[in-house]
1. If you take the square roots of the eigenvalues of the alpha-carbon gyration tensor of the stretch 10-73 and sort them as a ≥ b ≥ c, do you get rounded (a/c under 1.5), prolate (a/b over b/c) or oblate?
2. Could you calculate the FRET efficiency of THR58 with ASP3 from 1/(1 + (r/R0)^6), where r is the beta carbon distance between them and R0 is 22 Å, rounded to 0.05?
3. For the stretch 42-48, what does the Karplus curve 6.51 cos²θ - 1.76 cosθ + 1.60, with θ = phi - 60°, yield as ³J(HN,Hα) per residue in whole Hz, taken in order and with x for Gly and Pro?
4. Taking the Cα atoms only, what angle lies between the long axis of helix 58-69 and the longest principal axis of the chain, rounded to 10 degrees?
5. Please get the size of the charge dipole for the chain, origin at its Cα centre, with Cβ charges of +1 on Lys and Arg and -1 on Asp and Glu, quoted in debye to the nearest 20.
6. Which one, ALA53, VAL41, LEU76, projects farthest toward the positive side of the charge dipole computed for the chain from Cβ point charges (K/R +1, D/E -1)?
7. Can you give the net charge of the other residues whose Cβ lies under 11 Å from the Cβ of THR58, counting K and R as +1 and D and E as -1?
Amino acid sequence: MSDIYNGMPAAALGAEGWSKPWSGGNGGNCVETLKLADGRVAVRQSADPDGPALIYSTGEMAAFIQGAKTGQADFLLT
């Protein structure tokens, strides 16, 4: 998996295993995630599954999720 890099075409990661953990009731504005074999997480926009995938470490994802839970990202919604 050393050929997996940030910004790579999401289609290169395959079509299987992607999930929409934050979907539903948002007008189709969904992100999809894929847990990679090495523990990293790929994120793509569901409306553009062939577009770029952002690749995050487990630490980066944990920091984002914890920050969102405590309201640290609320400013992005206003």
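Computed from the coordinates by the stated procedures, all read-outs in this text should not be read as laboratory data. On a predicted model such as this, the values are computed, not experimentally measured, just so you know. Using ideal geometry, Cβ is built from the backbone for each residue, glycine included, and neighbour counts are taken over all protein chains shown.
1. Working: a/c = 2.20, a/b = 1.17, b/c = 1.88.
Since a/c reaches 1.5 but b/c is at least a/b, the shape of the stretch 10-73 is classed as oblate.
2. Numbers: r = 19 Å, r/R0 = 0.89.
The computed FRET efficiency comes out at 0.65.
3. Along the stretch 42-48, the couplings run 9, 10, 9, 7, 5, 6, 9 Hz.
4. 20
5. Working: 5 positive and 8 negative charges, 44 e Å.
Roughly 220 debye, rounded to the nearest 20.
6. The one lying farthest along the dipole's positive direction is LEU76.
7. Details: positive: LYS35, ARG40; negative: ASP38, GLU60.
In short, 0.
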